[in-house]
Amino acid sequence: MKIPIKAIIFDLDGTLVSSSLNFTIIKQAIGCPAEQDILTYVASLSASQRQAANDTILAHEMHDAQSATALHGAHKLLQFLQQLQIPTAIVTRNCRQAAAVKVNQCRLPISQIVTREDGLPKPNPQSLLSISRDWNINPHHIAYVGDYLYDVQAANNAGMQSILLTFGTDKPYQAQADFQFDNLRHLHATFALSQRESQ
């Protein structure tokens, strides 16, 4: 790692837990253009249209939450971080209700969870920087781990170390991330090695 990591913030869907959300279908259901960010589109609607769109999105998210499972390596990595007393949090574009179901159902030992109701959604760095202030840790010493472009952009915008999980798939934006790992097990092994070398 470039700079010693003192804390880690995670994305949720596709990073710590599985997700079967089909955004193409959701966008079609609410009339969102395929190329537009879904949350930006919803924010542009009238109050009544926004409520209807949010209800549709919530229904999809809650259905997805019921079948979520922890990704392989998630529990071992989080337990390892707990043993080292390294603070962890989750920042997700998911809604609070679905995020809570996923975290509880998958038994993730993370209590600090920031959802789209709590701050501006990624790639805006607001939520990441708020956690940095809560922890009183310089953003440069915090890593943000995710699996999508918005995660990398949010970390870079916050001045944090951006870690992209690729799961063996080349992504057109992966060069924007400070580090890329195939999966959580690979991240765990590398982080454990860097901790040993720093001692």
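Tabulated values for the structure
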| read-out | value |
| --- | --- |
| Stretch gain in nm, segment Ser48-Phe167, where the contour uses 0.36 nm per residue and the Cα spacing is subtracted | 38.9 nm |
| Whole-number percent relative contact order across segment 61-199, with pairs defined as alpha carbons under 8 Å at least 6 apart | 19 percent |
| Separation of the Ala59 and Asn136 label points, Cα + 7 Å toward Cβ, nm | 4.8 nm |
| The chain: Lys pairs at Cα distance under 25 angstrom, eight or more positions apart or on different chains | 11 |
| Residues in segment 102-123 reached by a label modelled at Gln82 [backbone nitrogen below 18 Å; 7 Å Cα→Cβ] | 102-113 |
| Within the chain, percent of DSSP bridges classed antiparallel, to nearest 5 | 5 percent |
| Among Gln36, Thr56, Thr166 - extreme Cα towards positive end, dipole of the chain, charges at beta-carbon | Thr166 |
| Probe 1.4 Å, protein heavy atoms only - accessible area per residue of the chain in square angstrom | 50 Å² |
| Additional length obtainable on full extension of the chain from Thr40 to Gln66, 0.36 nm per residue less Cα span | 6.8 nm |
| Fraction of accessible area attributable to carbon and sulfur, the chain (%, probe 1.4 Å) | 50 percent |
| Longest segment of the chain lacking trypsin sites (Lys or Arg not before Pro) that sit in a DSSP loop with at most 16 other Cβ atoms within 10 Å | 7-106 |
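The values are calculated or read from the model by the stated rules, or taken from the named source; none is laboratory data. Predicted model, so just to flag it, every value in this text is computed and none were measured. Cβ coordinates were reconstructed from backbone atoms using ideal geometry, including for glycine residues, and neighbour counts include every protein chain displayed. SASA here: full protein model, heavy atoms, side chains in, ligands and nucleic acids out. Shrake-Rupley method; radii C 1.70, N 1.55, O 1.52, S 1.80 Å.
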